[in-house]
Amino acid sequence: MPTSKTETLWQVSLEAPAASEEAVIELFKRFFGETISPSTWQLHESPQVKVSFYTTQLPASASTIRLQVKQGLLELAQAGLDVSFSKLSIRKIKKENWAESWKRHFTVLTFGKKLMIAPSWSKRKALKGMVRLVLDPGLSFGTGHHPTTSYCLSQIVENAPGQDSKSSMLDIGCGTGILAIAAARLGYSPVFGFDNDEEAVLNSIKNATRNHAENLLTFKTMGIEKMSLNKKDVWSLVCANLEAPLLIEKAEPIAAKVAPAGKLVAAGILTHQFEAVQKAYSKLGFSLEHSASGGEWTSGTFIKV
């Protein structure tokens, strides 16, 4: 939550075609600064997504912002992106109503019969044997609703160890910790997550404690370049929900963390960049087992052969 004492927040949202999600996020950051953390929802039974963020202060009047965004959308259209039927919303809300505004979008997620992600206000109970995680949204958050996070969670569930087997899990760029926490609660051991953002790691630790997983995993603030060079330090499942350029640039150290016959779940990849990521890891002895697309994103699971 923001530290300002003001009793209001501004909610800025733009509905646009799913294929233009990344472009809309970059447009927001151009006008509102790199420090904002836009979040995206796929609108129910619609090809549109809604990109939103909250701020305590607008950089200009609402009318000026509307003109700027309109011009920005025109530039995107001229560049060949589909931004038709885009709808901008700028509204002031009271802090006490902030959580209510999220509730309309943050619904319960389930992954098979093994995992449920639910907000604290949900009364929906998990099925017998299903792990139920509680994760409330914040002004900057990852809840599993984004297609890249959702894919990672589905693969963690798909590859979860059985009663007579063991699997370890490494979460590269842990964010809110949702992937590592899910893995720990599903029986992976050991589980380790790291991020170069100290605030993200602190948030991950809080979420782990809330979900009774604090003794089942470890989080640390560090970058990929600080990963251990020990050849025995390898993991059954490695999740790397990162941008494509970083996945390609750091392919060798990331690949080195995957155990023989282990799997790498790579996400955060724009569909037109997926082939380049696949080629980078194919050169390092990985074969693509599975891939899926959502909106403008494509994620994949690679086996180390």
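Each residue in segment 191-216 was checked for being in a loop (DSSP other than H, G, I, E, B), farther than 22 Å from residue 257 by Cα and free of Cβ contacts under 8 Å to residues at least 40 places away in the same chain, and 4 pass. Scanning segment 158-184 for residues that are farther than 13 Å from residue 195 by Cα and crowded, with 24+ Cβ neighbours inside 10 Å yields 169, 181, 182, 183, 184. Against the condition outside any loop (DSSP other than H, G, I, E, B), without any contact (Cβ under 8 Å) to a residue 60 or more places away in the chain, within 20 Å of the chain's Cα centre (by Cα) and farther than 26 Å from residue 289 by Cα, how does residue 225 come out, does it pass? Against the criterion (outside any loop (DSSP other than H, G, I, E, B), without any contact (Cβ under 8 Å) to a residue 60 or more places away in the chain, within 20 Å of the chain's Cα centre (by Cα) and farther than 26 Å from residue 289 by Cα), residue 225 does not qualify.
Does residue 58 satisfy the criteria of being at pLDDT 80 or above, assigned by TED's automatic domain parsing to the domain that holds residue 75, over 16 Å from residue 147 (Cβ atoms) and not in a strand (DSSP E or B)? It is true that residue 58 is at pLDDT 80 or above, assigned by TED's automatic domain parsing to the domain that holds residue 75, over 16 Å from residue 147 (Cβ atoms) and not in a strand (DSSP E or B).
In segment 268-275 there is at least one residue that is under 21 Å from the mean Cα position of the chain (by Cα) and in a strand (DSSP E or B). None of 248, 303 is farther than 27 Å from residue 21 by Cβ and not hydroxyl-bearing (Ser, Thr, Tyr) except 303. I'd like the residue in segment 235-259 that is in a loop (DSSP other than H, G, I, E, B) and in contact (Cβ under 8 Å) with a residue 60 or more places away in the chain and, out of all such residues, is farthest from the chain's Cα centre (by Cα). Checked segment 235-259; the qualifying residue farthest from the chain's Cα centre (by Cα) is 257.
The values are calculated or read from the model by the stated rules, or taken from the named source; none is laboratory data. Being a predicted model, the structure only gives us computed values, none of them experimental. For neighbour counting, all protein chains shown are included, and Cβ atoms are generated from backbone atoms with ideal geometry for every residue, glycine included.
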